[in-house]
1. Of the residues Ile15, Ile38, Ile63, which exhibits the maximal mean-square fluctuation in a Gaussian network model of the chain defined by a 10 Å Cα contact cut-off?
2. For Leu192 and Val30, FRET efficiency with R0 = 35 Å and r from the beta-carbon atoms, rounded to 0.05?
3. Quick check for the chain: number of Lys pairs with alpha-carbon distance under 25 Å, counting only pairs 8 or more apart or on different chains?
4. Determine the equivalent ellipsoid of region 78-206 by diagonalising the alpha-carbon gyration tensor, then write out the semi-axes as square roots of 5 times the eigenvalues, largest first, rounded to whole Å.
5. For the chain, modelled as a Gaussian network with Cα springs under 10 Å, which listed residue fluctuates most, Lys42, Lys75, Lys129?
6. With a Cα-only, solvent-free Debye model of region 19-119, what are the log10 I(q)/I(0) values at q = 0.22, 0.25 Å⁻¹?
Amino acid sequence: MRVRQHVNPLSLHLIQPIQLPDWSLIYAQVEQPLHIDIGSAKGVFLLKMAQQQPQWNFLGLEIRRPLVEYANQQKMAHGLPNLHFMFAQVNVHLEAILESLPAGVLHRVTIQFPDPWFKRKQQKRRIVKPELVATIARYLQPGGDVFLQSDVQEVALEMFDYFRQHPAFVVAGEFLRENPLGIPTEREVSVLRRGLPVYRFLLRRS
């Protein structure tokens, strides 16, 4: 599958309202705890998570539509009623998505290896901003986790700082040696195979 690696999240066509599903038609048990993966790519990570943890629901949010379509095809091929993938520009659509879900279901959020947007003039395109952190804080249940990781130290520390500066979050782990979820993303596997570091942080909703 050839898909553009970089998509400008500020493009006008990506900030239009999106159609929200009837979640009772998406998940077999819609009231189960929900894990949202922001930037789910081809969905390999969530596919494995959903297979291993049927007592959870999983939602992947991705800005590249072809990857969303591919991931949902894989979900259907594996017959997973606790998994769904959705097109979204999270800095625009996340609050509407969370508001449409049953109250109190969000218990885990992961943001893994987001596009670093190295050029200074492009850094406004990075996913994690104070507004996103505030939205997650409003909907994540007490005791719920936010797991962050990147192979770019600057990006990892920036994400971590935004979350730990918010009064709703406490630090549960800094510079973790291992992935606490036990399932690596494709990018994580590639980085570790090359012997490069991964910067990992875990925060908890107080």
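Read the figures in this text as sums done on the coordinates, not as results from a lab. Treat the numbers as computed from the prediction; the structure is a model and nothing was measured. In this analysis, Cβ positions are derived from the backbone assuming ideal geometry, glycine residues included, and neighbour counts consider all displayed protein chains.
1. Ile15
2. E(calc), rounded to 0.05, equals 0.50.
3. Here the count comes out as 6.
4. Numbers: eigenvalues 102, 67, 55 Å².
Ellipsoid half-lengths, sorted descending, are 23, 18, 17 Å.
5. Ranking Lys42, Lys75, Lys129 by mean-square fluctuation puts Lys129 first.
6. Summing over Cα pairs of region 19-119 leads to -1.23, -1.61.
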